[in-house]
Amino acid sequence: MRPFAAFTMCILAGWLLAAPTQKSKQSDETVDWLFGKATTAPTSRPSTHPTSAPISPFAEKSNLESRRGILLLNTGQKISGQIWTTREKPLRLWDEKDKKYRDIPLSALKSLEAIILWERDEKEWHFKESGSDIKEFSGKTYPARELQYHLTLQNGQTLAGGLVAPLYVSSNDKSLTFILNKRQKGDVGKTLKDLVYVKRVEFDN
């Protein structure tokens, strides 16, 4: 009986070892057949359809917040068109009278004008050596000026002080950018005439 029992156990073990392999093979063949018969591609595959580019959030906002007006440069050039600043941002003015910041919405503004506090040609210099307080002048100059802005509001109120803000102008299918600066500094060798700034802005009611 012992030889027969050993023979039977060998056959049973062989069958148990072979069964999973055969089942796995059949499962793989079944999956391949299903993918071959499928009418749509598996969802894990990337889409080949092009996606549309994101729409810029600035275009619509700038049109909604812009105002018709005229911008005058110190060169005498006048530019008329739609004017706006950074979207959802008021003009922040340092009120010299009350010594505090004031946020002025563009919609509340009637006009603004730049007043020159001082302007001159500065001499270019550098320290003679590292750590030294002795200045050496190159003999060259650069233009510099400091500005203050006078604002007139729609209600007739006036404010004056320092202002730093961008102004965007859409005129004759062109987009122009100007910066309202408290202080300006030009390149070496340039003159005050080369240092352009916004002298005045008037808005339509």
Starting with the highest mean, order 95-106, 136-147 by the number of other Cβ atoms within 10 Å, averaged over the residues of each peptide. 136-147, 95-106
With all protein chains present, calculate the accessible area of Arg87 using a 1.4 Å probe and round the result to the nearest 10 Å². 80 Å²
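Could you compute the net charge surrounding Glu202? Neighbours are other residues with a C-beta less than 15 Å from the C-beta of Glu202; K and R count +1, D and E count -1. Mind dumping the intermediate values first?
Details: positive: Arg67, Arg68, Lys78, Lys110, Lys199, Arg200; negative: Glu113, Asp204.
In short, +4.
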Only Lys, Arg (+1) and Asp, Glu (-1) charged, at Cβ; the range 54-202 dipole about Cα centre in debye: 280 debye
Extent of the range 64-176 along each principal axis, from alpha carbon coordinates, in Å, largest to smallest? 55, 39, 25
Spin-label proximity, Lys140 to the range 163-205 - amide N less than 14 Å from point 7 Å beyond Cα toward beta carbon: 186-191
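Pairs to check: Lys78/Lys199; Lys123/Lys190; Lys128/Lys182. Give those whose C-alpha atoms are more than 20 Å from each other in this structure.
From Lys78/Lys199; Lys123/Lys190; Lys128/Lys182, over 20 Å: Lys128/Lys182.
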How high is the FRET efficiency between Leu192 and Arg102 when r is their beta carbon distance and R₀ equals 41 Å, given to the nearest 0.05? 0.85
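Assuming R0 = 35 Å, can you tell me the calculated FRET efficiency for the pair Lys128 and Asn74, based on Cβ-Cβ distance, to the nearest 0.05? Each step should come with its number before you reach the end.
Working: r = 37 Å, r/R0 = 1.04.
For R0 = 35 Å, the calculated efficiency reads 0.45.
The values are calculated or read from the model by the stated rules, or taken from the named source; none is laboratory data. Since this is a predicted model, take the numbers as computed values, not measurements. Quick reminder, even Gly has a Cβ in these numbers, built from the backbone with ideal geometry, and neighbours come from all protein chains shown. Protein only, heavy atoms only, side chains kept; ligands, DNA and RNA dropped before computing areas. Shrake-Rupley method; radii C 1.70, N 1.55, O 1.52, S 1.80 Å.
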